[in-house]
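The values are calculated or read from the model by the stated rules, or taken from the named source; none is laboratory data. Quick caveat: nothing in here was measured; it's all calculated off a predicted structure. We place every Cβ from the backbone using ideal geometry, glycine too, and count neighbours over all the protein chains shown.
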Amino acid sequence: MNKYLWRRIKYFLLALAGFLLALLVWGVIEPYSLDREVVTAEIPWLPQSWQGKKIAVVSDFQIGMWMANTRTIAQSIDQIIAERPAAALIAGDFVYKPGDSSTPELDQVIQLVRPLVAAQIPTYAVLGNHDYDAPTEAAGQQRATRIQQALESIGIRVLQNEAIVLPNTEQATENNRLYLVGIGAHLPKQSQPQQAIAQVSSTAARFVLMHNPASFAELPAGTAPIAVAGHTHGGQIRIPFLAEWSWMTLVEDQPSWSWLSQIRGDIVRVSGWIPGYGNAGNRLYINRGIGFSHLPIRFNCPPELTMFTLQAKT
């Protein structure tokens, strides 16, 4: 091999190594750069008193994961408080580490979310699969119960396949109600979407919250014109310009991602609006979450705070 060719190969390898190092560095930096997505939620039968109001959504804190980005979680909470939406929603997976004891992680969760309650922002949540993660089914249920009780002890309502009326500054008459429908965690078989949505009149405005997008497919046609989920982390490590390629879709276990096979179309998306999925008249938005799974890295997939602006659908 002549010296000229060897020099070119050496420069190429050095450039490649530098590029990969830059990607790694950015993958470690990006988790601490919160992305605020502003989304319009068109809701049929939305009362005039709710027109233009905002609902904030965050998900997947995953406290207990090594190098958990609690700083970004705190930043998202601070931003919600600064914007003062009509409600704040948390779409599950508060803790990450499996096991019977999650007391230190849960204490940290409560410390992080308590300011929402102190700021008198109505805050609601559903649980995710990690919130049930324990060696046995009974231990998992106990773990989830502890998380629910801890959240509700500070004033955060945890919804389990139920619908409630969101508080309004105006008197809650039948004509100005907006329902929040909260669906239980899918993987531990706590999800009962049809039972939850049946609690809402067919002509009442509603906003649906769940952790796993798989729950969305079970909602009857026209019952969830706006629904939001978490769970996917947006793919966590995504190849630019190739929305269907992400690290999370390659490493996650099949039961967790089985809903992907139901999406029609050429591009499989795991964040934002999910076209061609679910029954007619239903729309799902997936929040990218804040925490991690497996690796404390995000690339081309920053953590997300979604701010929905409510609009009446005509």
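One table, with the values for the structure above:
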quantity: Residue match in segment 221-228 (condition: at pLDDT 90 or above, closer than 21 Å to TYR132 by Cβ and out of contact with any helix residue (DSSP H, G or I) (no Cβ under 8 Å at 6 or more places or on another chain)); calculated: yes
quantity: Cβ-Cβ under 7 Å pairs, at least 6 apart or on other chains, segment 67-94 side among the polar types (S, T, N, Q), far side part of a helix (DSSP H, G or I); calculated: ASN69/PRO31; ASN69/TYR32; THR70/GLN108; THR70/LEU112; THR72/PRO31; THR72/TYR32
quantity: Test result for PRO167, at pLDDT below 95 and either assigned to a strand (DSSP E or B) or closer than 16 Å to LYS53 by Cα (or both); calculated: yes
quantity: Criterion violated by MET67 - all others in (1) within 16 Å of VAL113 (Cβ to Cβ); (2) part of a loop (DSSP other than H, G, I, E, B) satisfied; calculated: (1)
quantity: Top-ranked residue of segment 78-92 - restricted to ones that are under 17 Å from the mean Cα position of the chain (by Cα) and either farther than 13 Å from PRO122 by Cα or part of a loop (DSSP other than H, G, I, E, B) (or both), ranked as modelled with the lowest pLDDT; calculated: GLY92
quantity: All positions within segment 192-227 that are in contact with a Gly (Cβ under 6 Å, 6 or more places away or on another chain) and buried (at least 22 other Cβ atoms within 10 Å of the Cβ); calculated: LEU209, HIS211, PHE216
quantity: Of residues in segment 93-141 being of a type in the set (A, V, I, L, M) and either on the phi > 0 side of the Ramachandran plot or loosely packed, with under 14 Cβ neighbours inside 10 Å (or both), the one modelled with the highest pLDDT; calculated: ALA118
quantity: Residue match in segment 149-164 (condition: closer than 16 Å to TRP45 by Cα and either among the aliphatic types (A, V, I, L, M) or touching a residue at least 40 places away in the same chain (Cβ under 8 Å) (or both)); calculated: no
